[in-house]
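Following: one structure in C-alpha cells, then a few remarks.
The values are calculated or read from the model by the stated rules, or taken from the named source; none is laboratory data. These numbers were taken from a predicted model, which means no experiment stands behind them. Cβ placement follows ideal geometry from the backbone for every residue including glycine, while neighbour counts extend to all protein chains displayed.
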Amino acid sequence: MDLNQLRKVAAEVVSRDDVKYLIGWRRGTFGYRVAPYFVEDAAGVDELIFSPLCISNLATYLTLVEKLPVPRGQEPDKRKVALLVKGCDSRAVAQLLVEKGVKREEIVVVGLPCPGMIDRDLLAEKYPETDKAAELRWNGEDFLLVGEGEDIVIPRAEVLAEKCRLCRHPNPVLSDITVGEPVKPWAAADDSGVAEIEAKGAAERWDYWEEQFSKCVRCYSCKSACPLCYCEDCILDRLDPIWVNRAVNFSENTAFHLARAFHLAGRCVECGECERVCPAGIPLGKLNRKLAQTVREEYGFEPGLDPEAEPFQASYKPDDPEEFIL
Amino acid sequence: MSEQFKPNIVAFLCNWCTYAGADLAGTSRIQYPANVKIIRVMCSGRVNPLYVVNALQQGADGVLISGCHPGDCHYMEGNFYARRRLKLLKELLEFTGVDPRRFNMSWVSASEGHKWKEVVEKAVEDAIAAGPFDQFRRRQIGW
Amino acid sequence: MTEKPKLGVYICHCGINIAATVDVEAVTEFAQSLPNVVVARNYSYMCSDPGQLLIKDDIQESGLNRVVVASCSPRMHEPTFRKALQEAGLNPYYLEMANIREQDSWVHQDREEATAKAKELVAAAVAKVRLLEPLTPREVDAEPAALIIGAGIAGIQAALDIGDAGFKVYLVEQSPSVGGRMAQLDKTFPTLDCSACILTPKMVDVANHPNIELLAYSEVEEVSGFVGNFDVKVRKKARYVDVSKCTGCGDCAEACRVAGRFPNEFEEGMGKRGAIYLPFPQAVPAKYTIDPERCLFLTRGRCGKSPKCVDACQPGAIDFEQKDEIVTFKVGAIIVATGFDVFDAAKKPEYGYTEFPNVITGLEMERLVSASGPTGGEILVDNGEEQIVPKEIAFIQCVGSRDQSVGNEYCSRVCCMYTAKQAHLIKDKIPDAKVKVYYIDVRAFGKGFEEFYDRVRREGIRYVRGNPSEIFKRGNKLIVKVEDTLTATPLEDEFDLVVLAVGLEPRADDRKTIDLLRLSQSPDRFLMEAHPKLRPVDTASDGIFLAGCCQGPKDIPDTVAQAKGAAASALIPLARGKVSIDAQVAGVIEDTCRGCGFCVSICPYTAIELVEINRMGHMVEVARVNEALCKGCGSCSAGCLSNSIQPKSFRDRQILPQIAALGGIK
Amino acid sequence: MSAMLLHKEKWSEFTGKLSGKNLWAPVVQGEMKKFAPVAEGDPVNLEEGNTTVPPKALLFPQTETLYRFSAGGEELELPEADEEIILLGVRPCDARAIALVENLFRWDFDDPYYLKRRELTTLIGLACNEPELNCFCPSVGGSPASTEGLDILLTDLGESYLLETITDKGKALAEECKDLLEEAPAGAVEQKEKLAQDALGKIKWSVDPEGIPEALPQLWEDPLWGRVSAPCLGCGICTYLCPTCYCFDIQDEIEGSAGRRCRMWDSCMFAEYTKHTSGHNPRPTRRERTRNRINHKYSYFVDKFGVIACVGCGRCSTLCPVNIDLIDILRQVKAAQ
C-alpha cells in the first residue's frame, strides 16, 4: 500500500469545498490499536494510515454522527463526508444506499482494495501488545511486524481475521476514487464457525448460546459499532411497547440478540464489527453469518453488492422456499 | 412428565383465511386440542417475526402462524412477505438451539376447517415433544 | 386519551352453544378479577336487543370506556357490537371480542379445558382493549357506476337493475355476444317457457339501455382501488370488424373461404361456422367477429387474391388493421357474474362420451331439441352407422356431480330438472320413444318442480334408481350396464341415445378472476361469498359482489334473484354517493421513521410514499400513508425495523400484551 | 495488621473452607474473565490481571430488584436479605473503587441495598506483582499493593501467599482459617514490599493529575472534546466495565397486573441517558457525553468527595473498540491547559 498516494488523494478530497471531512484511520496510542480518524484539512492527512490493523468499518460513522437541530434561519451543513472503505465496508455503504440511510450525493467514497486484516487478539497472543504503537504491513501474502531492530514476518494464516478468511469481496463494490490496485480475491474459506454450531444437536446449541448470551452485559457496543444498526430510536430501547426489558439476564439477553440478528437478516454485510467490539467475546458474527448464508444459498441474494437492489425483507419471489410450511 | 404436559401454543392467524378456516372448523364442530390460542391479525404479513420470540419468552411452548395459501392472500402479497421473514426467523431459532418443533407455519384457507384441525394437532404434538420451554421464560427471572 | 380504562366484559351463553361447554359463570368471575374490569356479566344472547342493552346501560351508568364481548367470532358480530357501543356514545373501536364459540366451545368437549381457554382468550382481549384507540371511519365519494363481469342472465339482470336505478353500468362480456348459457337453452323448466323468448328482449335491452355501456368481446385486465373507487382497465379485443359499419347482414360469413369448417362453440360443437361469424342468430350485439385463430388472412397473411369477406361486405366494415383497445374507467362497485362450465364428460371414460357419437351431454341435447339448433329442432343422432331418430333413450343423472371420484362432492341442482324437461321434450317430439332415467336421488325442490317431475313420470318416462357402471356398444345399440338398486337387479339395457346429465363446474378461467379481484374459493372451488347465509352475494372484499353460478350451481330463477340482490347491494354505495373507509389503516410515527422505504416496497396497494419533512432543520424523508388506499393489512409494519408504521387496532403495543396474556401473564 | 503465610499446597483447602461461605473468585469463561461462585477445587484464575466485569457487579448488581408490587396490592414486597459473600482475588484497584463508590451510596442518602451488601461482603485482595499494560493506579493515588477497601490482602510470594489482615472482618476470617495459616517468617513482609516496589516500576503509563480537576471546567468548550470523541461509538463499554462508574436507571417491569421496580446500570455514554421526555437532549452528541465522563471522574467527584473517581485499572482504554484512551485524553487536557 502506497501511503503517500493515499494521503495525496485524501488531501485532494478534504481540500474540496464540498467535503466536510474524511474519515480514515490513524495509528493508535499503544500496541496494535488503530483509531478512526476524522481528517478536516490537508494538513491532517499525514497521520492517515492503511494497514492490516485497519479492521474497523468506518461506514458506521455515516449514520452515527449526530444531526443537531439547525437554528432557525440557518442552513444545515450539506457538505459531503468522505470515507475510506475496504471491500466489506463498501458493502455497508451500498446497503445504506439501498435503505436510504445515506444518499449517494452526501458521500465521497475512497475505495481501498483490501488484502486482508489481522485479528488483533490472535496477533497479541503471539506477540503481546506493548505500550508502543506497533506498525504492521502487508508483506506479499503475509504480514510484517515492523520491529525496532528487525522486522518479523507473520504468516497470513496465523493471524488473518475470521471475516477476511471468509471474505468474498475484498475489493470495494463501489467507490468514487480507488487507491491501489485491485487485489485478487482469494478462495473464501468454509464458514467452519457456523458449520460447527450447525453440527451440534438442538440442546447442545441451546447450551452453547445460553453460555454466550449469559455473558452479555448489554453495553450495546454490537449495536453501536454496526454500520447497519442505526435507528435513532431502536425498538429494543423502547419502553412502549417493551420488546426487551432492560434487565440483564439470560432471557432478555437472548431476546435482545435474536432481535438484533433478525433485524440484520438480509442486510448484514458480514463486516464483523459486532463480534470484534464485544467485550464479552460473544460470537455474534456467527448469528449474522448463519442468516447471511441462508439468504445467499436459499434465496441467491447477497446484500450490499448493488445499491439499487430491492431490500431483501421488503421483497419476495413467488417461488421463495416454503418447505417449512405445513 | 410429557404425559401430563399441556403445552401452551400461541397462534397468529390472518383474518381472511386461517381465522375464517378456524371459524369454519367451529361451525363444522370439528374437535381439536384446546392448547392453541389464537390472536387475530388482518394478514400473516402483519406478524412481526419478533412476536414469535416474544411469545416464547412470555410463556408459549410453541408458536403457530398461519395465513392464506400463496396467491390467495386477501391483500395480494402479505403471505409472501410472511413466508420470507418467518423462514429467516425459523433458521435463526434453530441455529440458537430452539427446538424447531416450537415453531410451525401453515397455509390454511377459509374452507380448510379440517386442515386447521390437522395443523393444530401437529403443533400440539410437536410442542409436547419439545417439552416446556421454561429456560427462556421472562417470568422465571427471580429477584 | 389518558383516561383510566374502565372495562366491561360480557360473556355470551349463545343459548347452550357456549354455555354447554364453557362455564360462563367461572369465566365471568375470572374476568371480574382482571385489572381495570369494572363490570363482568354473562347473558344468554349478547347479540340480542336485551343483550346489547346490557352493554349500553353499563356504558352509560357505570361510565365504561372499553368493552370486551366474549361470544362468537368477530367475523360474525363485531359490527353488531361496534354499533351498540356507538349507540351508547362510545367510540365503536373501543371493542375487542374473544371468540369463545367457533374457536372454543364448538371445537372442544372437555368443559374444564374449554373454560380455561375461554379465560385466557378473555384475558387477552382485556389486555388488548385497554390499549385500543378511538378511531373514526372516514368517508370518501363513491363513483356512481358499476362494473359487471359476465353478461349471462345474471350479469344482464344486474346491469338492467342498476341501469334502471339511474347509474352507469359497464357490462363486460368475454365472448362476442351477451346471453351466456341461458341463450343456449331451448325451454326452461318447469314452465317450459322458451328460453330465447324470455332472454332475447333482455339482451336487446342491455344493448340499448342509455346507462349501460356494453363491452362485448372484452376482458377485464386490471382492477385496483377500493369500494367506491375502483380503477378498471378493460381490453376490447379486436373483432376486425368495424361495428359502427357492420349491419349484421351475414354476407361476409357466407362468403368466407373457410365457411362451415369449424365447430361452433354456441352449438356445443355440433354446428359449424367459418372464420367470420355471428355466434347465434339472436346475438347481441348483432355484429360479426373474425376469429383471429381461424382466419386465413390473419394467420397466413393472405386469403386468395383478397379476402372474400372484404369483397362481400357492402359497407366495408372489415378492418384487418384493427387493434385491441384498452378502455379505463372508474366504478364504485363490481359484480362478478362469470357463470360456470359444464362438466367435461370425458372425465368419466366409462360412459364412452368421446367414443360414441350417440352419447351426448345435456347441453348438447338442448341444442339438439332447439328449433334454432344445428338440426333445426329435429332429434337426429349418429349411431355410428347412420343418422337415426332415436327410439330408445337413456338419461344418466349426476354425471360429474355428487361424485368424489371427479372431485365434485356437490349437487349441481339443475340436472334432475333439466333431465325431466328434456325427457318431456323428447316424448313431445318422438311420441313412441322409450325414455329411461337412471338416477341416484331425484331432487325436485323448487317451485313447481315436484309437480313437473310427477307430470313427466305420468307421461311414461321410466325412472330407474341406479348409477350405471358402464356404457358399451353391442351391434348398433348402446348398452347401459346398471344395477336397479330398488330391486337389486343387474340390467343391461339397450339404447339409441344416451344423454349424460352433466353437472356444473367452476369456470376453468376463474383463476384469472380470483387473481384480478382477490376473491376466495369455497371448498367446491366456486367463488366464495362473505357468509354462506347472511351475506350470500357479498365477497370478503367490500364493493365486490357475486351473482349467478360463479358462486355455486343454481337455476335461472335463483340466478336472477341473486343478480337482483347483488344489484341492490352494489347500488348502496352508488346511491349513497359515499363509502366509509375503514379506520383500521396504518399510520406513521414520523419522529422515529428512518425513511428507508421498506414499507413503500412492501405495500401492495401503493398506499405509502416517502415525503420530505423538516426535522429540526434537516430535510429528511419519512413514510406517509394514503388512508384511502390503505387496507390495513399491516405487512408494512412487520417489515419496519423501527416499528414506525403501525396498523391501527393492531399495533405492536396492542398485540404484545395479548401475547403476554396468552402466555399466562395476567 | 498482622501477616501470615498461606502455603500454596493449602490453597485448595483454603478455598474449600471459604466456599462454604459463598466464595466468589475470578474464573475464565471463554474470552471473558469474571467473578463466579467457586467450590473447593474449582479452577480460580489469579494469574492474569483484572476481570472484564469489575467486582462492583456483586455489590451493585447490573439489575437489582428494589421491590415487587401488584395492582391493588397494599404491600410492597421487599427482597430477602442477601447472604454473606467473600470475594477472593480482588485487585487493589477494584477494591479501592468499591471504597470510592461507597462515598456516593452514603452521600445524601444511605442506600440500604448497596450498604447492606457492602456489609455482608468480605474482600480478599491480591497484590499485583505483574501490572497490566494499561495500569496506571499510582497516577491516581493507588498502588499495586494498596489495601484500601480490602479486608485481607494476599501477595504471591512464589511458594506461598503472604496473607495480611486489614480489617476486623479480615481478622475474623483469618482466625477461622488459622489452621491453614502459619506465622509469616521473617523477611516475608519485606519480600512483599520489594515485590510491590518492583511492580510500581513495571507500570508503563503515568499522568500527573495535578491541576486536572481545576482545569477541566475551564476547558468546557475546548476543541479537544470534539477531537477525542469523534471516533466514539457511543457504547457502554467504558462505563459499564469501569469499577467506579455507578450510574443507574430505575425502571418498572410490568407483567400483567404485577411487576417489579428495579435498578439497573446506565451509562452516560448512551444518548438516552440525558434525553428528556420532550425529546430535548442537553448532551446531544458524543462530544458532550465524553466530556461528561471525564469531568465526572476527574472534576465533579473530586469536588464532592475530594478524590478522583478513577482507580487507574485501564479497562476503558484496553476495552475501547476505537482506541479512545483515557491517558491520552488526560494528556490532551493537560496540554490544553
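For residues that are away from every other protein chain (no Cβ under 14 Å) and touching a residue at least 40 places away in the same chain (Cβ under 8 Å), tally how many sit in region A:124-152. Here the count works out to 5. Inspect region A:238-248 for any residue being more than 7 Å from every other protein chain (Cβ to nearest Cβ), surrounded by 21 or more Cβ atoms within 10 Å (Cβ to Cβ) and over 30 Å from residue C:621 (Cα atoms) and give the result as yes or no. No, the conditions are met nowhere in region A:238-248.
Exactly one residue out of B:120, B:124 is modelled with pLDDT of 95 or more and facing chain C (nearest Cβ under 10 Å), and it is B:120.
Kindly check whether there is at least one residue in region B:129-142 that is more than 14 Å from the chain's Cα centre (by Cα), in contact (Cβ under 8 Å) with a residue 24 or more places away in the chain, part of a helix (DSSP H, G or I) and within 12 Å of chain C (Cβ to nearest Cβ). The answer is yes, given that some residue of region B:129-142 is more than 14 Å from the chain's Cα centre (by Cα), in contact (Cβ under 8 Å) with a residue 24 or more places away in the chain, part of a helix (DSSP H, G or I) and within 12 Å of chain C (Cβ to nearest Cβ). The listed residues are B:64, B:92, B:56, and the only one of them that is facing chain C (nearest Cβ under 10 Å), crowded, with 24+ Cβ neighbours inside 10 Å and farther than 20 Å from residue C:605 by Cβ turns out to be B:56. The criterion of at least 1 residues that are within 12 Å of chain A (Cβ to nearest Cβ) and free of Cβ contacts under 8 Å to residues at least 24 places away in the same chain is met, among strands (runs of 3 or more DSSP E) falling completely within region C:594-666, by C:608-615, C:618-625.
Against the criterion of being polar (S, T, N, Q) and either modelled with pLDDT under 95 or at positive phi (or both), residue D:299 does not qualify. Do the conditions hold for residue C:68, that is, is it away from chain D (no Cβ under 14 Å) and surrounded by 19 or more Cβ atoms within 10 Å (Cβ to Cβ)? For residue C:68, the condition - away from chain D (no Cβ under 14 Å) and surrounded by 19 or more Cβ atoms within 10 Å (Cβ to Cβ) - is met.
Only residues that are more than 8 Å from chain A (Cβ to nearest Cβ), farther than 12 Å from residue D:231 by Cβ and of a type outside the set (Ser, Thr, Tyr) were counted across region D:310-328, and they come to 8. In region A:78-107, of all residues being facing chain C (nearest Cβ under 10 Å) and charged (D, E, K, R), the one that is farthest from the chain's Cα centre (by Cα) corresponds to A:78.
Test residue C:545 against the criterion of being modelled with pLDDT of 95 or more, among the aromatic types (Phe, Trp, Tyr) and under 28 Å from residue C:143 (Cβ atoms), and give yes or no. Answer is yes for this residue. Kindly establish whether residue D:246 is over 30 Å from residue C:663 (Cβ atoms), modelled with pLDDT of 95 or more and assigned to a helix (DSSP H, G or I). Spelling it out, it is not the case that residue D:246 is over 30 Å from residue C:663 (Cβ atoms), modelled with pLDDT of 95 or more and assigned to a helix (DSSP H, G or I). Residues that are closer than 30 Å to residue C:4 by Cα number at least 1 in the following strands (runs of 3 or more DSSP E) confined to region D:5-84: D:63-70. Among the residues of region D:249-296, those identified as out of contact with any strand residue (DSSP E or B) (no Cβ under 7 Å at 6 or more places or on another chain) and charged (D, E, K, R) are D:255, D:272, D:275, D:283, D:286, D:287, D:288, D:289, D:291, D:293. Contact map, region D:5-32: residues that are in the same structural domain as residue D:121 (by TED's automatic domain parsing) paired with residues that are part of a helix (DSSP H, G or I) and of a type in the set (Ser, Thr, Tyr), Cβ distance under 9 Å, separation 6+ or inter-chain. Pairs shown: D:23/D:15; D:25/D:15; D:29/A:214.
Go through region A:28-46 and count every residue that is within 12 Å of another protein chain (Cβ to nearest Cβ) and of a type outside the set (Ser, Thr, Tyr).
Adding up the residues that qualify gives 11.
Can you find even one residue in region D:288-306 that is more than 21 Å from residue D:208 (Cα to Cα), more than 8 Å from chain A (Cβ to nearest Cβ) and surrounded by fewer than 22 Cβ atoms within 10 Å (Cβ to Cβ)? Yes; the residues of region D:288-306 include at least one that is more than 21 Å from residue D:208 (Cα to Cα), more than 8 Å from chain A (Cβ to nearest Cβ) and surrounded by fewer than 22 Cβ atoms within 10 Å (Cβ to Cβ).
Residues being within 17 Å of residue D:7 (Cβ to Cβ) and assigned by TED's automatic domain parsing to the domain that holds residue D:11 are represented in region D:192-215 by at least one member. Residue A:297 falls short on exactly one of the conditions (1) part of a helix (DSSP H, G or I); (2) touching a helix residue (DSSP H, G or I) at 6+ places or on another chain (Cβ under 8 Å), and that condition is (2). Annotation: residue C:52 fulfils all but one of (1) surrounded by fewer than 19 Cβ atoms within 10 Å (Cβ to Cβ); (2) touching a residue at least 24 places away in the same chain (Cβ under 8 Å); (3) of a type outside the set (A, V, I, L, M, F, W, C); the unmet one is (1). The sole residue among C:529, C:505, C:590, C:494 that is within 14 Å of chain B (Cβ to nearest Cβ) and acidic (Asp, Glu) is C:529. Within region C:88-111, the set of residues being small (Gly, Ala, Ser) and either at the interface with chain B (Cβ under 10 Å from one of its Cβ atoms) or in contact with a Ser or Thr (Cβ under 8 Å, 6 or more places away or on another chain) (or both) comprises C:98, C:105. Out of the residues in region A:212-237 that are part of a helix (DSSP H, G or I) and facing chain D (nearest Cβ under 7 Å), which is nearest to residue A:88 (Cα to Cα)? The qualifying residue nearest to residue A:88 (Cα to Cα) is A:225.
Quick one: would you say residue A:278 is among the hydrophobic types (A, V, I, L, M, F, W, C), within 14 Å of chain D (Cβ to nearest Cβ) and either in contact (Cβ under 8 Å) with a residue 12 or more places away in the chain or more than 30 Å from residue B:112 (Cβ to Cβ) (or both)? Yes, satisfied. Inside region C:284-316, residues that are under 18 Å from residue C:243 (Cα atoms), modelled with pLDDT under 95 and aliphatic (A, V, I, L, M) make up a count of 4.
Checking the condition at pLDDT below 90 and surrounded by 18 or more Cβ atoms within 10 Å (Cβ to Cβ), which residue from C:226, C:266 passes?
One residue alone meets the criteria, C:226.
Among the residues making up region D:270-280, those that are buried (at least 16 other Cβ atoms within 10 Å of the Cβ) and at the interface with another protein chain (Cβ under 9 Å from one of its Cβ atoms) are D:270, D:271.
Every residue in region B:67-89 that is part of a helix (DSSP H, G or I) and either out of contact with any strand residue (DSSP E or B) (no Cβ under 9 Å at 6 or more places or on another chain) or at the interface with chain A (Cβ under 7 Å from one of its Cβ atoms) (or both), please.
Step one: list which residues in region B:67-89 are part of a helix (DSSP H, G or I), which gives B:78-89.
Within region B:67-89, B:80, B:81, B:83, B:84, B:85, B:87, B:88, B:89 meet the criteria.
Please go through region B:13-39 and give me each residue that is within 18 Å of residue C:107 (Cβ to Cβ), more than 7 Å from chain C (Cβ to nearest Cβ) and in a strand (DSSP E or B), ordered by number. Correct list: B:13, B:36.
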